[in-house]
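Right, one structure below, let's go through it.
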């Protein structure tokens with residue numbers, strides 16, 4: 001896959017002027033093609049299709065779906081070799097998601113994509129920037145869930161937010177509150193992490209990533225039997241819910257092996 005070209009396509013689209021838009025693109029056909037490629041777990045192809053649709057007509061739907069495709073491409077880029085490119089894609093995805101929210105703040109998907117893109121980007125950041133992201137991630141995830149109480153992605157984002165904050169050391173939390181005014185981090189709890197991730201798995205039980213992150217939280221809180229059940233489900237389910245499913249199943253096997261070796 002030619003990753004630099006994908007990033008260039010995303011940046012060109014977000015900076016394009018109306019005069020530079022494609023004149024021959026069929027918006028409806030491109031959106032349908034993007035949806036079909038997303039279902040086939042081909043985010044690179046979907047990104048190109050949504051880019052064409054966006055250049056034809058800068059609608060709310062084209063914006064958030066283009067952002068989703070960028071996130072789905074970026075999360076496949078693992079290791080230091082692709083770190084700059086991955087983070088750039090997350091950053092551009094955030095720009096599109098934020099534009100979608102400005103276009104229509106009454107729909108959950110735009111808010112969720114803001115939280116999703118920043119949530120993934122924040123894992124590579126530190127200090128004041130990460131704390132600033134944390135506030136936006138929480139607020140946008142909560143807004144998405146308020147607008148759509150059955151949004152499994154919003155439930156996952158909020159569950160992951162609680163878990164990530166709880167995983168911070170006491171010293172890290174102290175400095176965040178002292179120097180960055182991050183008192184809102186006090187609302188985080190392991191119980192909330194479990195509740196949100198369990199709800200995400202209930203809404204979309206076939207989605208492997210919900211179960212994998214829930215299992216990791218169960219391990220964090222000393223519930224290995226519950227973690228094992230989720231990990232076994234990750235391996236039992238077909239790897240058809242996300243382009244990263246084979247990787248998620250590999251991680252589940254590793255965690256199960258660690259549980260098997262535990263005294």
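Give me Rg over Rh for the stretch 177-263, both radii from the alpha carbons and Rh done the Kirkwood way, two decimal places. It would help to have the intermediate numbers written out before the result.
Details: Rg = 14.9 Å, Rh = 13.9 Å.
Here the Rg-to-Rh quotient is 1.07.
If packing is taken as the average number of other Cβ atoms within 10 Å across a peptide's residues, how do 133-143, 82-92 rank, most packed first?
Highest to lowest by the protection proxy: 133-143, 82-92.
Ranking request for peptides 100-111, 61-72: highest mean number of other beta-carbon atoms within 10 Å first, then the rest in descending order. Intermediate results must be reported in sequence, preceding the final value.
On the way: 100-111: 19.2, 61-72: 26.8.
Result, highest mean first: 61-72, 100-111.
Any chance you could run the full-extension gain for residue 40 through residue 142? It's 0.36 nm times the residue separation minus the Cα-Cα distance, nm to one decimal. Intermediate values should be presented prior to the final figure.
On the way: separation 102, 0.36 × 102 = 36.72 nm, distance 2.93 nm.
Once the chain is fully extended between residue 40 and residue 142, it gains 33.8 nm.
Just so you know, all these numbers are worked out from the coordinates, no wet-lab data involved. Keep in mind the model is a prediction, meaning the values are calculated, not measured. Positions of Cβ are backbone-derived with ideal geometry, glycine not excepted, and every protein chain shown enters the neighbour counts.
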